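The values are calculated or read from the model by the stated rules, or taken from the named source; none is laboratory data. Fair warning: this is a prediction, and the values are worked out from it, not measured in the lab. Counting neighbours? That spans all protein chains shown, and the Cβs are built from the backbone with ideal geometry, glycine included.
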Amino acid sequence: MKLNKKLAIALISSSAILAGYTQAAAPTQPKLSVQLWSVKDAVSADFEGTLKQLKAYGFQGVEFAGNFGKYSDDPKGLKAFLKSTGLEIAAAHVPFDKLSAENFDKTVAFYKAIGCTYLIIPMDKRAFTPEGAKEVAADLEALEKKLAPHGMHTGYHNHKPEMLGEAGKTPWDVIGAGTSQSVVLQQDVGWTEVAGKNPVDFVKAYPGRTIVTHYKASAPEEGNKEDPIIGKDTTDWKALIAANRTVGGTLWLTVEQEVYPAGLTPMQSVEASLKGLQKEIAELDKKK
């Protein structure tokens, strides 16, 4: 049977899309990390002791936020220290200016030396509007091409404004549509919920792109009374974990704490959120 040429092209295209989706949706078993901004004062006071304690809590990795203790100019030393603790590097928050033409080589050399693959832009106010998000998407795409020869990737981390607007037309959607599959969409689920959206929807909308996801129970928004400890809040964590595992291509679930319960230090708070997340995972797996 001979196929109409247009029909044949359509079938090939459909197959390619399905193949891409299948690849993007390959199941993962994400590891658990912590964004070091959550405990920035402890990191500043005692970098090595803090990271050792985070490992003792049960975190498997860390996401850097610009503080490297005494290792700021010693990437080999930092890599050796991390190896001694057993901690891996999930990602790092690196602003655009650190990856400008004049800073690119030095920045990339440092992160490459410590074995960090994902350099995530933590915020850009241009991305707070759909029009500005187009500029950010273009910059991310250009940066991704520069990082590719180094085996590294860029990505973007949202706050509330990127998630506002009609479904499919938010600034986040503009960034997602305006960048290639290899650009990481690091969703901060706490801010997504403050914007009144379901984080699971954004995982499913961009399969294979939430490589590192920020798990945050409460964002520091005025009037937000959500309990800031994972598992004590109202987020459907099990549905989100399942989406990250089956659709997101997620390698790291990263605890981030910006709100701390009365009576708990930031370190105690991230430990409590880790335990809550571990419980959610255990309960999800028990249902299988």
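Rundown of residues vs (1) farther than 13 Å from residue 59 by Cβ; (2) acidic (Asp, Glu); (3) in contact with a Phe, Trp or Tyr (Cβ under 9 Å, 6 or more places away or on another chain); (4) modelled with pLDDT of 95 or more, yes/no style:
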residue: 248; (1), (2), (3), (4): yes, no, yes, yes
residue: 260; (1), (2), (3), (4): yes, no, no, yes
residue: 267; (1), (2), (3), (4): no, no, yes, yes
residue: 271; (1), (2), (3), (4): no, yes, yes, yes
residue: 276; (1), (2), (3), (4): yes, no, yes, yes
residue: 280; (1), (2), (3), (4): yes, yes, yes, yes
residue: 284; (1), (2), (3), (4): yes, no, yes, yes
residue: 287; (1), (2), (3), (4): yes, no, no, no
All but one of (1) under 30 Å from residue 266 (Cα atoms); (2) free of Cβ contacts under 8 Å to residues at least 60 places away in the same chain; (3) not basic (Lys, Arg) hold for residue 143; which doesn't? (1)
Residue satisfying all of: in the range 201-228; of a type in the set (D, E, K, R) and over 16 Å from the mean Cα position of the chain (by Cα); modelled with the lowest pLDDT among these: 222
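Restricting to the range 47-62, name every residue that is in contact (Cβ under 8 Å) with a residue 12 or more places away in the chain and not hydroxyl-bearing (Ser, Thr, Tyr).
Scanning the range 47-62 gives 47, 48, 51, 52, 53, 54, 55, 58, 59, 60, 61, 62.
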Only one of 277, 185, 240 that is of a type in the set (A, V, I, L, M, F, W, C), in contact with a strand residue (DSSP E or B) (Cβ under 9 Å, 6 or more places away or on another chain), in a helix (DSSP H, G or I) and within 25 Å of residue 170 (Cβ to Cβ): 240
Quick one: residue 236 ticks every box in (1) touching an Asp or Glu at 6+ places or on another chain (Cβ under 6 Å); (2) surrounded by fewer than 21 Cβ atoms within 10 Å (Cβ to Cβ) bar one, so which box is it? (1)
Test residue 263 against the stated conditions and say whether it is at positive phi and without any contact (Cβ under 8 Å) to a residue 60 or more places away in the chain. yes
Scan of the range 188-215 for residues that are under 14 Å from residue 171 (Cβ atoms) and not in a helix (DSSP H, G or I), ordered by number: 188, 195, 197, 206
Looking across the range 89-140 at residues that are within 18 Å of the chain's Cα centre (by Cα), small (Gly, Ala, Ser) and outside any helix (DSSP H, G or I), the single one that is surrounded by the fewest Cβ atoms within 10 Å (Cβ to Cβ) is 115
Tally the residues that are touching a Lys or Arg at 6+ places or on another chain (Cβ under 8 Å) and farther than 30 Å from residue 86 by Cβ, restricting the search to the range 102-159. 6
Subset of the range 29-49, residues touching a helix residue (DSSP H, G or I) at 6+ places or on another chain (Cβ under 6 Å) and surrounded by fewer than 21 Cβ atoms within 10 Å (Cβ to Cβ), comes to 42, 47
Residues of the range 58-84 satisfying the condition of being part of a helix (DSSP H, G or I) and surrounded by fewer than 17 Cβ atoms within 10 Å (Cβ to Cβ): 70, 76, 77, 79, 80, 83, 84
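Residue 231 - would you say it is within 21 Å of residue 160 (Cα to Cα) and modelled with pLDDT of 95 or more?
Numbers: within 21 Å of residue 160 (Cα to Cα): no; modelled with pLDDT of 95 or more: yes.
When the stated conditions are applied, residue 231 does not pass them.
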Verdict on residue 277 being farther than 26 Å from residue 161 by Cβ, surrounded by fewer than 23 Cβ atoms within 10 Å (Cβ to Cβ) and touching a residue at least 12 places away in the same chain (Cβ under 8 Å): yes
On the given criteria, is residue 147 in contact with a helix residue (DSSP H, G or I) (Cβ under 8 Å, 6 or more places away or on another chain) and either in a helix (DSSP H, G or I) or on the phi > 0 side of the Ramachandran plot (or both)? yes
